[in-house]
Structures are given as structure tokens and as C-alpha cells.
Amino acid sequence: MFQGISYDYSNAAVLVTGGTSGIGLACARGFSDAGASVIITGRGSDAGEYDADLAGMEYRQLDVGDRDALYALGSSLSKLDILINNAGGSQGDEWGAEGFDLSLDVNLSSAFHLSSACKKLLAASDFPGGASIIGIASMTSYFGFELTPGYGPAKAGLVQLIKTLGMSWGREGIRANAVAAGLTRSNLTSFVIESMPDMVEETLKRQGLKRTGEPEDIAAAVLFLTSPAAAWITGQTLPVDGGFTTGMG
Ligand SMILES: NC(=O)c1ccc[n+]([C@@H]2O[C@H](COP(=O)([O-])OP(=O)(O)OC[C@H]3O[C@@H](n4cnc5c(N)ncnc54)[C@H](OP(=O)(O)O)[C@@H]3O)[C@@H](O)[C@H]2O)c1
């Protein structure tokens, strides 16, 4: 899947929230192809509801906005080495009180609660290089965007949460890192990419690499950060964005 690089995740148990499409699915496939035992979650009642081929991965239904469900999922597991807090997205009218609160729940609080629910298992992991928690941050972690007053602050908070988990849980053998994704093709962005060419052009103008990302571009960074090759990296957020965060347009 990742040209020229192969990982060995054969003894790893991995949980990917929102693993039914886009970035989460690319991560789940990357881990599964590398031998891991992978659990993915989605909101549908079963895996058959999704068009994507989810074969070889265990499916669990989960709404990450439901705090009790996050703790119940954590308690139901018997082994975990790697947690990918990926599920998320903007939540309708975020200038409205309900949309704002929901976006914080889905995009920030869920990562705290599920990480807490999984902490004991992660601390018991003997995966080489340490157990890992990953968050999927965004360009809105760094820049203001008027359509997402909840999502942006939540993704900014995720960067800070990852720093805090990295500092606090390192002594228990748990690393925490994030990938800040630039504009990447997925269900979340298909509307923007297909119907807002001006916005896409403005985005690409600011990049060094002049293309939208593919879910595999983000998954490649995730699999590196959770691997033994990244054993001394924690608390970091790596922008994977074609150079967007370094450009001036
Ligand atoms: N694509 C980008 O350009 C981009 C950029 C920066 C950050 N991100 C972040 O990357 C992550 C993945 O997004 P994506 O672009 O891959 O989008 P996607 O293809 O729409 O996938 C989103 C996944 O998250 C799940 N999900 C969404 N809301 C959920 C909720 N409330 N509870 C449980 N699961 C939920 C979806 O499950 P169902 O299918 O069951 O709804 C789906 O599996 C998100 O956190 C997003 O904010 C994406």
C-alpha cells in the first residue's frame, strides 16, 4: 500500500474509529495489510451497510458523540496497542448552540474519553516502540475558517490534547501524536472538491505540492508514527498537507 515501505504490525491490536471510509479506512487497511488485528467503527448498524470492502476487519457500531458508548467500547476490549481517534467532521450549523456543542463532543471530547477508556489496555501493551494514540487534526487546527466555528476550535484543542497525553502518559509507555491533514479526498470533502473549484484552487496555490491529498497520504504518516521507528516521538502534530501550512499563497 505504501510504496517502498513495509511495516510489521503482526502482533498489534488496533482500533480505528470512523474506519468505514476515507482516512480511517486507509489507516485500517494499512494496519490490516501489515498483519494487525483491526477493529473499525462506524455509525451504521453493521458492516454490510457500507459500500467499501471491510473484509478482514471487525466492525463495531459507535457514535463518538455518545460518551457512554465510548467507555463501553473501551471496556469491551481485551487487548489494544494502537488507538486511532479518527472519526469526526463538521456538524451542520455550528454557529447554532447545538451544532457547536456537538462538534466539540465529536471532534475533541470523544478523543479524550476513548483514550481514557483504553488507557489501561494501552499501558499493558508490549508493542515495540510503545503503545500509541493518534488524533487526526486539520488545517483548521491552525487557521480560522468561518464555516466551522466548532470544528476548528475542536481540532485546535485536539493538538493540545495530544501534547498533554504525550506528556502525561509517556511514563506508562503510551505515545500520543497527531497528523494534521490538508485537503484530502473523502466523503467529507467530496462536495468541496467537486463544487467549489475556486476554493480548491486557492488551497492548492498556497501549497508546494499542488494537489489534493489522498487518504493513503495521511495513513502513511499514521503508520509511521505508531511504528517502532517513531519510538522517541510523542506529543507532536505532523502536518501532512502538501506544504499548505508553510506557504503564503
Ligand atoms: N478529508 C479532509 O480533508 C480532512 C482534513 C482534516 C481532517 N480530517 C479529519 O479526518 C477524519 C476522517 O475524515 P474523512 O475525511 O476520512 O471523512 P469521511 O470519509 O467522511 O469519514 C468519516 C468517518 O468518521 C465516521 N464518523 C463521522 N462522524 C461520526 C460520529 N459522530 N460518530 C462515529 N463515527 C463518525 C464516519 O462513519 P459513518 O460512515 O458511519 O458516518 C466515517 O467512518 C475526521 O476526523 C476529519 O475531521 C479530514
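Tabulated data for the structure shown
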item	result
Cα centroid separation, the stretch 174-212 to the stretch 43-121 (Å)	22 Å
Relative compactness, the chain, computed as alpha-carbon Rg over 2.2 N^0.38 Å	0.95
Residue-normalised accessible area of the chain, given per residue in Å² at a 1.4 Å probe	48 Å²
Ile5, Ile23, Ile133, reordered so the largest accessible area comes first (probe 1.4 Å)	Ile5, Ile23, Ile133
Rounded to the nearest 10 Å², the accessible area of Val200 at probe 1.4 Å	20 Å²
Nonlocal amide H pairs with Arg175, under 5 Å, H built at 1.01 Å	Ala131, Ser132, Ile133
Karplus-derived 3J(HN,Hα), 6.51/-1.76/1.60, for each residue of the stretch 30-45, Hz, glycine and proline x	x, 5, 5, 4, 8, x, 6, 9, 10, 10, 10, 10, x, 8, x, 6
Sites Ser168 and Glu214 - FRET efficiency at Förster radius 25 Å, r taken between beta-carbons, to 0.05	0.15
Mean separation of Cα contacts under 8 Å, 6 or more apart, over the residue count of the stretch 155-249: relative contact order %	43 percent
Relative contact order of the chain, defined on C-alpha pairs under 8 angstrom at six or more residues apart (%)	20 percent
Gained length - Met199 relative to Leu147, 0.36 nm times residue gap less alpha-carbon distance	17.4 nm
The stretch 57-106: trypsin sites (Lys or Arg not before Pro) falling in loop per DSSP and having at most 14 other Cβ within 10 Å	Lys79
Solvent accessible area, Å² - Ser10, 1.4 Å probe, full protein context	60 Å²
Rg/Rg_ref, the stretch 52-106, where Rg_ref = 2.2 N^0.38 Å and atoms are Cα	1.40
Surface/4 of the Cα convex hull for the stretch 123-249, nm²	8.2 nm²
Distance between modelled label sites at Asp126 and Ser76, nm, 7 Å Cα→Cβ extension	2.8 nm
Distance histogram for the stretch 1-61 (every C-alpha pair counted, 10 angstrom bins, percent rounded to whole numbers)	25, 54, 19, 2
For Ala36, distant residues with modelled amide H under 5 Å away	Tyr9
With all protein chains modelled, accessible area of Ile39 [1.4 Å, Å²]	20 Å²
Highest-fluctuation residue, Asn187, Asn85, Asn107 considered, GNM on the chain with Cα pairs under 10 Å	Asn187
Zero-based 5 Å bins, Cα pair distances in the stretch 25-137, whole percents	2, 11, 20, 23, 22, 13, 6, 3, 1, 0
List Ser116, Ser103, ordered by accessible area with a 1.4 Å probe, largest first	Ser116, Ser103
Estimated distance in nm for a label pair at Asp93 and Thr245, the labels positioned 7 Å out from Cα along Cα-to-Cβ	3.3 nm
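The values are calculated or read from the model by the stated rules, or taken from the named source; none is laboratory data. Note that the structure is a prediction, hence the values are computed from the model and not measured. Backbone-built Cβ (ideal geometry, glycine too); neighbour counts: all protein chains shown. The accessibility values were calculated without ligands, DNA or RNA, using every heavy atom of the protein model including side chains. Shrake-Rupley method; radii C 1.70, N 1.55, O 1.52, S 1.80 Å.
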